[in-house]
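Okay, so here's the structure we're looking at.
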């Protein structure tokens, strides 16, 4: 099993390198892919996160953004130390050998897989709000509510997973970025024009809800599993630090704006997705929900591609490579749909992803790998203090957030 994983993870090494002239994605396309990986599903739960932690939790949102941006830079520095490094698992292997590769790979693929599951849960929730009495028949079996919509969504997004080019996927990513902007605009319209108002959200701090809030914040910035792939796909990898800056600033502005608006509108009455609170008969609500329904179409393929390419490199045989690729990617879609139907708790699953895999990949592992690969960084100084601070903070968030989110999931099964 371990050998199988090791071989599969090498597949991403086939992505274009910056030294190859005329190959790879442009700066703009990489920005779209990066913003799309960071911003999207998380934006819907930011108001809910604020309702859990209170206004002062916005400070934690900014702190998490800064820490994750910095660890993204650490990953790039790790890649720059060795031209052989092309993926996140490669970084782990150079730093800690095969055990490092295996650990990073387990967290990375689990995170990407669970994020794909979240996309399908989101679709089921929002479609059920629009069409509460809809039911489908599949092979003579009646499927109603969220489960039916999850399965329908899986069928719609399936063809997008067959695309392999990140340059091609960038066009879907541009649509995803636009969708996030539209959702933010609709939330503001509902509050300012459609009569909802901005009269709620009066809690300054809720210590009991902070673990959930910060776990959701961590989820919003857990794009590190994709960063090495995006960096290696660029025509000029030296510009990736600028890509990271653009991605984190853009995402933080969108997250903060929607979080503040939603919390002012609904306060402690917020559901796991702000679209589920909006008045259904208003045109702004329908636009917001329909736009939200586009997000999985634009993001699912970008998120699931690293998982699919790792698996298909192991199982592709000769001229049947394309057919095998389609079969593997179809299997991934089916399995994520099955999980989404079994555990349809959007907020709790998101908090678990953020606290467990998100913290590990976005805070802990980049710091540990960087310290191992860079002897200078282990010398006492400001850099070491910052990295140790991130490790301590990440460990605390991870342990507490994982425990609470798992407890919530189990209690609702």
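FYI, it's all coordinate maths here, none of it is from the lab. Just so we're clear, the structure is a prediction, and the values are computed from it rather than from any experiment. For neighbour counting, all protein chains shown are included, and Cβ atoms are generated from backbone atoms with ideal geometry for every residue, glycine included.
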(message) Neighbour counts of other C-beta atoms within 10 Å: give me 250, 241 arranged from fewest to most.
(response) 241, 250
(message) Using a Förster radius of 51 Å, what is the FRET efficiency between residue 253 and residue 334 based on their Cβ-Cβ separation? Nearest 0.05, please.
(response) 0.90
(request) Quick one: compute the contact order of segment 2-412, relative version, from alpha carbon pairs under 8 angstrom and 6+ residues apart, as a percent. (result) 34
(request) First measure r as the distance between the Cβ atoms of residue 242 and residue 396, then evaluate 1/(1 + (r/R0)^6) with R0 = 41 Å and state the FRET efficiency to the nearest 0.05. (result) 0.85
(request) Would you mind telling me which residue in 126, 277, 36 has the biggest mean-square fluctuation in a Gaussian network model of the chain, where springs connect alpha carbons within a distance under 10 angstrom? (result) 277
(request) Provide 289, 386 in ascending order of the number of other Cβ atoms located within 10 Å of each residue's Cβ, fewest first. (result) 386, 289
(message) Can you classify segment 2-412 as rounded, prolate or oblate using the Cα gyration tensor, where a ≥ b ≥ c are the square roots of its eigenvalues, rounded means a/c under 1.5, and otherwise it's prolate if a/b beats b/c and oblate if not?
(response) oblate
(message) Taking the number of other C-beta atoms within 10 Å as the exposure measure, put 194, 90 in order starting with the fewest.
(response) 194, 90
